[in-house]
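In what follows, a single structure is set out as structure tokens and then discussed.
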Amino acid sequence: MMEAMANTPIFLSRPYLDEEDIQAVVDVLRSGNLVQGDKVLKLEQNINDLTGSKFSSAVSNGTASLHLALLALGIGQGDEVIVPAFSYIATGNAVELTGAKPVFVDVHLETFNIDESKLEAAITSHTKCIMPVHEFGLCANMEVIMAIAAKHKLFVVEDAACAIGASHYGKFAGTFGDFGSFSLHPRKSVTSGEGGILTTQNPALDRKIKTLRNHGIAPDRIPMEFVAAGFNYRLTDFQAALVSSQMRRLQQIFQHKNELVELYNQGLKQNGIVLPSVPDGNVHSWQTFHILCKDEYFRNSLIDHLKSHQIFTNYGAQCIPAMTYYKEKYKYDVAKLFPNSFKAYTCGLALPMSERLTKEEVQAVINRINQFTNDQK
Ligand SMILES: *Cc1c(COP(=O)(O)O)cnc(C)c1O
């Protein structure tokens, strides 16, 4: 039994679909209604029911979702959008796609979220929007961010890609800002393969999104009228059915992940590693369980050690201004300007975490990490 386990690979994350999920897709395929239709409407309703959002729009992926949000707010050339320096690269790319300039702000090392105390110093006369990220499924400090945005009359787009179901003092991720943007990529809690959701509380903004995602067709005009040069950023009905089906067990998924987090927190010895912390008032969605190693060599050696035992881990997100495109375009002294983001990128490590992962697997990961960190002394 133990021998067999030692040879079974443990993956960072694997999507899990049950028979009912698969049947939900098959039913739509048999119906012949493949593009955006009733199942997309139903998914949007499910997201509203979960988060308390007034409006939701399903779109083709989480990057398209961020892109549409910024476009609907009129953001483009000459504008600046404040983003955390540590996030998945798409957060920066979405700003670049509009022609606006991403202005990076460093993150907290405890939460990996944007450091709100550094926000005001980054605001200029060109700033239009703050785009906080709820990194790994933990909400950024939204009271402070919303207050700063209100004071300076800035829009807020929450990159809640990893944070479906996360909340902050009882309010759900995606419902604080002008827009909340979610991803349905297989690394997130529920998936459509590729997919995204944009939430808003503003009917005029919702209408803009529903127009722009669908070739610029006004959502409820008969006869059909093309009122904008829109995109095709729609989600298909079979993808939407797949997500709605998984959403039935969302609370189970969170409960399971919380049990795994508990195991990690109790089992991992803090020898050269720091465990993630969750500030009061937050419900974390645990898209990623992200630890911080004492240095880059230690982190990389730990990745190799785990890999030699068939345990697959990876760094959690990028220091965006240190990536080639951004480095060449903006030439920031990254280690000096964004030291925490650079540290999170070079010393951070995402451990296996998914609905499918078992407690035995987590225990095996813990044992291998403790063995490694003991040997380092
Ligand atoms: C996954 C992710 C995205 C991009 O979502 P896609 O659906 O893959 O386009 C954007 N921002 C963050 C923080 C993410 O984790």
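Data for the structure
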| read-out | value |
| --- | --- |
| Surrounding net charge for residue 211, when Lys and Arg each add one and Asp and Glu each subtract one, Cβ distance under 11 Å | +2 |
| Förster radius 41 Å - calculated FRET efficiency between residue 23 and residue 265, Cβ distance, rounded to 0.05 | 0.65 |
| Of the trypsin sites (Lys or Arg not before Pro) in the stretch 183-240, those whose Cβ has at most 16 other Cβ within 10 Å and which sit in DSSP loop | 221 |
| Bridge type composition, the chain - antiparallel percent by DSSP, nearest 5 | 60 percent |
| Per-residue [θ]222 nm for the chain (sum of -39500 (n - 2.57) over DSSP H runs n ≥ 4, rounded to 500) | -12000 deg cm²/dmol |
| Computed E for residue 126/residue 297 - FRET, C-beta separation, R0 45 angstrom, nearest 0.05 | 0.65 |
| Stretch gain in nm, segment residue 222-residue 35, where the contour uses 0.36 nm per residue and the Cα spacing is subtracted | 65.3 nm |
| Hydrodynamic radius (Kirkwood) for the chain, which is based on Cα pairs only, to one decimal in Å | 21.4 Å |
| Violating pairs (Cα-Cα greater than 18 angstrom) within the set 101/327; 151/210; 39/257; 39/210; 257/359 | 151/210; 39/257 |
| Efficiency of FRET from Cβ geometry, residue 42 and residue 215, R₀ 22 Å, rounded to 0.05 | 0.50 |
| Sum of side-chain charges, residue 244 neighbourhood, beta-carbon under 12 Å (Lys, Arg +1; Asp, Glu -1) | -3 |
| Residue exposure sequence - 375, 178, 237, 280 - by fewest surrounding Cβ within 10 Å | 280, 375, 178, 237 |
| Protection-proxy order for peptides 47-58, 115-126, each taking the mean of Cβ atoms within 10 Å per residue, highest first | 47-58, 115-126 |
| Taking the convex hull of Cα positions in the stretch 250-375, its mean projected area over all directions (nm²) | 9.2 nm² |
| Footprinting exposure proxy for 324, 98, 191 (fewest neighbouring C-beta atoms within 10 Å first) | 324, 191, 98 |
| Hull-based mean projected area of the stretch 1-134, where the convex hull spans the alpha carbons, in square nanometres | 13.3 nm² |
| Among 35, 95, 81: highest mean-square fluctuation, GNM of the chain, C-alpha pairs under 10 Å | 35 |
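Any read-out appearing in this document is the output of simple, stated calculations on the displayed coordinates, not a laboratory observation. Note that the coordinates shown come from a computational prediction; the quantities given were computed from them, not determined experimentally. Backbone-built Cβ (ideal geometry, glycine too); neighbour counts: all protein chains shown.
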